[in-house]
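The values are calculated or read from the model by the stated rules, or taken from the named source; none is laboratory data. Worth saying up front: this structure is predicted, and the values here are computed from it rather than measured. So basically every Cβ, Gly included, is an ideal-geometry build from the backbone, and we count neighbours across all protein chains shown. Each accessible area value is taken on the protein alone, full model and side chains, heavy atoms only, with ligands, DNA and RNA left out. Shrake-Rupley method; radii C 1.70, N 1.55, O 1.52, S 1.80 Å.
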Amino acid sequence: RILKSQRGFSLIEILVALALMALVLTVVVGDGFSSRSKLEEITSLIERSLRQSVDEAALRNVITRVNFKLDNEVQEFAVEYGPDADFVIPTALVKIDTVESLSEQEARLNAVKDVDKGFTRVKELADAPFKVEDPIRILGVGTKVTGTFLAEGNVSIYIYPTGERDAAFIALSTEQEIATLTSEAFTDEIEITYHKLEDDQSFAQKLEKANDLFKAWRDER
């Protein structure tokens, strides 16, 4: 005889338990999967923009750039072309100290404004600049020309009609990971790497991690 205390689970109880487990897994895993998918989408758009800027520089015989606007809640980037092939980037934008004086910062910001006036978005490539929204955030952009990782303002990666370009580093993040996209000066190769984050890292911690990754890339031989 089977006692009531020894009764097993009914089929309905098992199905309900499985449904609850599936729901929990969907919430936990689904959020991470969705973030990775969106992160891959944005990094792919940046990679495509870098490649298109090379083609545009050769086609138009002018300097081009991928320009990132990092300050707003919704960030954006776009491919732009300059006035002519003889355009010279101001000294204030070439070498940037990691700790700027107020006068150096003012000179750089003024130079950015002056340079921006000479560039026009390549409208044939996209109807509008590409938007970057939550849960993705561009942490910053750095180049081996400037030697500095910039997390604020308008930051650009320049490409020349000769095919030469800035060796560039772009870092993006979600809550779970940082993606870094690197491009060297004399090659078409673009590398995308993902770095898992520890739980509950603040924005400042993500920024510090991205800056460390930039320094390691910048200083590698």
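Given the options LYS117, LYS113, LYS131, name the one that is touching a residue at least 24 places away in the same chain (Cβ under 8 Å) and more than 17 Å from ILE159 (Cα to Cα).
The match here is LYS131.
Quick one: would you say ALA210 is at pLDDT 95 or above, open to solvent by less than 60 Å² (accessible area, probe 1.4 Å), hydrophobic (A, V, I, L, M, F, W, C) and in a strand (DSSP E or B)?
So ALA210 does not fit the description; no.
Report, by residue number, each residue of segment 109-118 that is surrounded by fewer than 20 Cβ atoms within 10 Å (Cβ to Cβ) and of a type outside the set (S, T, N, Q).
The answer is LEU109, ALA111, VAL112, LYS113, ASP114, ASP116, LYS117, GLY118.
When segment 121-178 is examined, which residues are found to be in contact with a Ser or Thr (Cβ under 8 Å, 6 or more places away or on another chain) and surrounded by fewer than 15 Cβ atoms within 10 Å (Cβ to Cβ)?
Once the filter is applied, which keeps residues that are in contact with a Ser or Thr (Cβ under 8 Å, 6 or more places away or on another chain) and surrounded by fewer than 15 Cβ atoms within 10 Å (Cβ to Cβ), segment 121-178 yields only PRO135.
Quick check: is even one residue across segment 96-106 among the hydrophobic types (A, V, I, L, M, F, W, C), under 22 Å from VAL62 (Cα atoms) and open to solvent by less than 70 Å² (accessible area, probe 1.4 Å)?
Scanning segment 96-106, I find no residue that is among the hydrophobic types (A, V, I, L, M, F, W, C), under 22 Å from VAL62 (Cα atoms) and open to solvent by less than 70 Å² (accessible area, probe 1.4 Å), so the answer is no.
Each row is one residue, and each column tells you yes or no for (1) more than 23 Å from TYR160 (Cα to Cα); (2) not in a strand (DSSP E or B).
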residue	(1), (2)
GLU104	yes, yes
LYS113	no, yes
LYS123	no, yes
PRO135	yes, yes
ILE138	yes, no
GLY147	no, yes
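When the residues of segment 154-202 are filtered to those that are in contact with a Lys or Arg (Cβ under 9 Å, 6 or more places away or on another chain) and β-branched (Val, Ile, Thr), which remaining residue is farthest from SER35 (Cα to Cα)?
Per the criteria, the residue is ILE159.
Mind listing just one residue for me: the one in segment 71-85 that is of a type in the set (A, V, I, L, M, F, W, C) and open to solvent by 40 Å² or more (accessible area, probe 1.4 Å) and, of those, farthest from VAL145 (Cα to Cα)?
So the residue we want is VAL74.
Going by the structure shown, is VAL88 under 17 Å from ASP166 (Cβ atoms), open to solvent by 30 Å² or more (accessible area, probe 1.4 Å) and in a loop (DSSP other than H, G, I, E, B)?
Answer is yes for this residue.
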